[in-house]
Amino acid sequence: MKSEQLSAIHVASGNLVSMSSKPPILSSTNHWNGIVLEQHYLPAFECPELCLQQHSINIWLGNSCQIDWRLAGGRLHTTQMRRGLVNVTPKGIPTQARWHQEIKFLLVSFDSSLFKRVADELIVGSYRTIEIIPQRGVCDRQIFHLGMALKIELEAGCPSGKLYGESVAIALAAHLLKTYSGTRQLIAEFEVNLSKHQLREVIDYIYDNIALELTLVELASLVNMSSYSFCRWFKHLMGLSPHQYVIQCRIERAKFLLTYTQLPIIEIALQVGCSSQSNFTTLFRKHIGITPKAYRKMI
């Protein structure tokens, strides 16, 4: 790949991504808030020194491959990558990399404001910057499983909605801060300090607005909490994450409408907050095991 062919490039987790001449196989752009997932397949290449604008994670999907990399003008390092291994690259660090065969990976990039919001909740005391320590070729099962879950959701057309992507984004950001941050020894302990009455307000709001595209920021604002603290508080009391609970409500509402009304399936899809009939069918089949049409025929 010649440099003149690249009209827009950036380095992510030590690897070059050509955004114009080699677009991603998958991209979540415009699907979720706070996070972008892309799947890339790139030929052998050596990239110049560039800086990331966001904290990023690279999850290796391809065959075993040697990556040569350099951070902030330091000495050259070599890492043997294999499927499932992870690279973590903080924003603002000059990065160079080269690889000698085709590579396949997931790229997860975080919105800086989301990272800041999670850090404000997690880190005790004041700080000027969020220090993430670069990682190359680490085995991190939590990052791998969350990244693959996002990939599966994206391949299915994002039937779980924005709430799902936001929830995983927060979980990943918190994991990075707890595991790879220079300030991780200052991580605060979580305290539950809201009432069951406030929980009821949130649940009632979900039921009343189940047809809408609910977001974590929206739900958390009902009880004046950050998205991160809200997720932990809600799961502590309900045993389900907010996005799991919303999906459960949508499925139960859909089952009721399929059983007791003659509404077209597309209308039911819209009434339970799905953007299309195909997304509704995918979501329903995932949780019930059959399509809405088949379910209606059974009853």
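For the residue pairs K178/K255; K104/K293; K235/K255; K22/K162, alpha carbon separations beyond 32 Å are given by K178/K255; K104/K293.
Run lengths n ≥ 4 of DSSP H only: what is the helix-derived mean residue ellipticity at 222 nm for the chain, with -39500 (n - 2.57) per run over all residues, to the nearest 500?
-12500 deg cm²/dmol
Taking the Cα centre of the chain as origin and assigning +1 to Lys and Arg Cβ atoms and -1 to Asp and Glu Cβ atoms, the resulting dipole is close to 720 debye. Given T282, C249, N33, which one lies farthest toward the positive end of the charge dipole of the chain, if we put +1 on the Cβ of every Lys and Arg and -1 on the Cβ of every Asp and Glu? So the residue furthest toward the plus end is T282. Per residue, the convex hull spanned by the Cα atoms of region 41-130 amounts to 113 cubic angstrom. The charge dipole of region 21-89, taken about the Cα centre with unit charges on the Cβ atoms of Lys, Arg (+1) and Asp, Glu (-1), comes to about 160 debye, rounded to the nearest 20.
Classify region 196-298 as rounded, prolate or oblate, taking a ≥ b ≥ c as the square roots of the eigenvalues of its Cα gyration tensor: rounded when a/c is under 1.5, otherwise prolate if a/b is larger than b/c and oblate if not. Verdict is prolate for region 196-298. A full extension of the chain between H100 and V223 corresponds to an added length of 39.1 nm, given 0.36 nm per residue minus the alpha carbon distance. Extension gain for N30 to R82 (0.36 nm times residue separation, less C-alpha to C-alpha distance): 15.7 nm. Within the straight-line cut-off of under 13 Å between alpha carbons, the aspartates and glutamates reachable from K116 are E131, sequence neighbours fewer than 8 places apart in one chain being disregarded.
Hydrodynamic analysis of the chain uses the Kirkwood radius over alpha carbon pairs. Inserted into Stokes-Einstein at 20 °C and 1.002 mPa s, it gives a translational diffusion coefficient of 103 µm²/s.
Just subtract the alpha-carbon distance of Y207 and A156 from 0.36 nm times their residue separation and send over the number in nm, one decimal.
Extra length available between Y207 and A156 comes to 15.9 nm.
Under 5 Å from the amide H of L26 lie the amide H atoms of Q39, each residue being 5 or more positions distant or on a separate chain, with H modelled from the backbone and absent for Pro and chain starts.
Taken together, the values in this text are just the output of simple stated rules run on the coordinates, not laboratory data. As the structure is a prediction and not an experimental result, all values here were calculated from the model. Cβ sites come from the backbone with ideal geometry, for glycine too, and all protein chains shown count toward neighbours.
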